[in-house]
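Below: the structure, in structure tokens.
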Amino acid sequence: MSTYRPLRPGPVVCVGETMAALAPDPLRPLDGADLLRVDIAGAESNVALYLADHGIPARWVSAVGDDPFGRRVRARIAAGGVDVSGVRTDPERPTGLLLKDPGTHGTRVHYHRAGSAASALTPEALDDPAVADAALVHLSGITPALSPGCRALVERALRPDRPWPVSFDVNHRPALWAGRCAADILRPLADRADIVFVGLDEAQALWGDGITDAQTVRDLLSGPRVLVVKDGERAATAFVGTAAHSVAALTVRVAEPVGAGDAFAAGFLSGLLRQLPVDRALRLGHLTAASALRVAADHGPLPDPALVAALLDADEETWRAAVID
């Protein structure tokens with residue numbers, strides 16, 4: 001197991017790409033849409049926004065193009081209460097773009113991010129003063145897929161001599177790994193982090209059918225002090241050392257599942273930073289995930305604070321019976 005790096009005062013620094021996102025309005029298959037809504041999309045900035053919603057100081061470090069999409073991305077994230085002082089404007093490369101294509105079997109995502117400003121990030125981004133005072137650095141498995149420089153950034157962030165703890169969301173995006181073996185890259189990266197988030201389904205897709213439940217994921221990833229295995233609409237299990245804590249997922253009216261994993265990570269991290277018991281941190285993760293599930297965008301408003309407080313303290317029967325709509 002990796003050396004324990006205690007959380008310290010300071011912001012959570014989230015490092016990674018955020019793109020402009022175009023989605024049909026109203027939601028329908030892209031090839032039949034007349035209007036597109038402009039939004040933003042980025043795993044790490046989603047986490048930062050939800051952390052800020054919970055009152056946790058959050059900072060986003062990245063790069064955007066010197067273009068209207070880049071200005072929109074920066075402004076939207078800043079408006080959510082996130083510190084964007086570590087975001088660089090690249091005068092030569094564009095802001096990345098994605099298109100959402102909703103369908104009967106889920107939403108396909110088409111990326112236009114090759115050569116983007118954020119794909120040119122390098123390990124030197126970690127030398128920015130915006131990272132120096134981090135209580136925690138949050139990364140995802142998307143970043144090392146973007147370019148050799150981005151992979152080197154993540155490798156450096158996870159060096160054994162790093163001054164801050166690192167949380168890492170495996171966040172496997174198969175479309176970004178064409179021609180490369182994501183499994184062989186993401187496993188050692190995850191195993192060096194302090195806190196790791198991974199879905200049971202993505203662990204199975206990456207590392208084989210021998211993974212049947214949360215415990216087999218823990219057997220594979222023994223390095224992180226805290227490992228959270230998310231099992232979709234069923235439950236999430238947090239391993240702290242060898243101890244396992246499992247909390248059932250909430251019943252939620254789902255508009256679109258995109259962004260729910262980022263929201264869960266932010267809620268769980270907020271719970272840890274507030275020094276809640278692990279079971280309560282898992283509940284806060286589920287409650288925050290509900291915010292993303294209820295909207296078509298990646299980021300939605302948190303449930304009513306009174307409801308959150310009541311459900312955090314509810315008995316098991318009340319928790320399992322709750323419906324978020």
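The values are calculated or read from the model by the stated rules, or taken from the named source; none is laboratory data. This is a predicted model, so every value here is computed, not measured. As a convention, Cβ positions derive from the backbone with ideal geometry for all residues, glycine included, and neighbour counts pool all protein chains shown. When the accessible area is computed, the model is the full protein with side chains, heavy atoms only, and any ligands, DNA or RNA have been set aside. Shrake-Rupley method; radii C 1.70, N 1.55, O 1.52, S 1.80 Å.
Looking across segment 132-148, the residues that are of a type in the set (Gly, Ala, Ser) and open to solvent by 20 Å² or more (accessible area, probe 1.4 Å) come down to ALA132, SER147.
Yes/no matrix, rows are residues, columns are (1) surrounded by fewer than 20 Cβ atoms within 10 Å (Cβ to Cβ); (2) closer than 24 Å to ARG274 by Cβ; (3) among the aliphatic types (A, V, I, L, M):
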position: LEU7; (1), (2), (3): yes, yes, yes
position: ALA23; (1), (2), (3): no, no, yes
position: PRO26; (1), (2), (3): yes, no, no
position: ASP83; (1), (2), (3): yes, yes, no
position: THR122; (1), (2), (3): yes, no, no
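If only residues of segment 143-191 that are of a type in the set (Val, Ile, Thr) and touching a Gly at 6+ places or on another chain (Cβ under 6 Å) are counted, the one that is nearest to GLY232 (Cα to Cα) is VAL170. Taking segment 210-325 and the helices (runs of 4 or more DSSP H) fully enclosed by it, the elements with 2 or more residues that are over 29 Å from PRO160 (Cα atoms), open to solvent by less than 10 Å² (accessible area, probe 1.4 Å) and at pLDDT 95 or above are at 278-293.
Where residues in segment 278-296 are of a type in the set (A, V, I, L, M, F, W, C) and farther than 13 Å from GLU233 by Cα, which of them is nearest to the chain's Cα centre (by Cα)? Applying the filter and picking the extreme gives ALA292. Looking across segment 127-178, just one residue is modelled with pLDDT of 95 or more, of a type in the set (Lys, Arg) and within 26 Å of ALA205 (Cα to Cα), and that is ARG151.
Rundown of residues vs (1) within 21 Å of ASP39 (Cβ to Cβ); (2) surrounded by fewer than 22 Cβ atoms within 10 Å (Cβ to Cβ); (3) β-branched (Val, Ile, Thr); (4) without any contact (Cβ under 8 Å) to a residue 40 or more places away in the chain, yes/no style:
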{"position": "ILE77", "(1), (2), (3), (4)": "yes, no, yes, no"}
{"position": "PRO91", "(1), (2), (3), (4)": "no, yes, no, yes"}
{"position": "ALA130", "(1), (2), (3), (4)": "no, yes, no, no"}
{"position": "GLU155", "(1), (2), (3), (4)": "no, yes, no, yes"}
{"position": "ARG162", "(1), (2), (3), (4)": "no, yes, no, no"}
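The residues of segment 13-45 that are assigned to a loop (DSSP other than H, G, I, E, B) and farther than 23 Å from ALA134 by Cα, listed by number, are ASP25, PRO26, LEU27, ARG28, PRO29, ALA33, ASP34, LEU35. Determine which single condition GLY199 fails, assuming it passes every other condition in (1) out of contact with any Phe, Trp or Tyr (no Cβ under 7 Å at 6 or more places or on another chain); (2) surrounded by fewer than 20 Cβ atoms within 10 Å (Cβ to Cβ); (3) modelled with pLDDT of 95 or more. Just one mismatch for GLY199, condition (2). Looking at ASP101, is it modelled with pLDDT of 95 or more and out of contact with any Phe, Trp or Tyr (no Cβ under 8 Å at 6 or more places or on another chain)? Considered against the rule, which asks whether it is modelled with pLDDT of 95 or more and out of contact with any Phe, Trp or Tyr (no Cβ under 8 Å at 6 or more places or on another chain), ASP101 comes out as no. Within the option set ARG28, ARG37, ARG8, ARG88, being among the basic types (Lys, Arg), within 18 Å of ALA292 (Cα to Cα) and out of contact with any helix residue (DSSP H, G or I) (no Cβ under 6 Å at 6 or more places or on another chain) holds for one residue only, ARG37. Here ALA117 meets each of (1) under 17 Å from LEU97 (Cβ atoms); (2) open to solvent by 10 Å² or more (accessible area, probe 1.4 Å) with one exception, condition (2). Just one residue in the set HIS172, HIS138 is in contact with a Leu (Cβ under 8 Å, 6 or more places away or on another chain) and more than 21 Å from LEU51 (Cα to Cα); that residue is HIS172.
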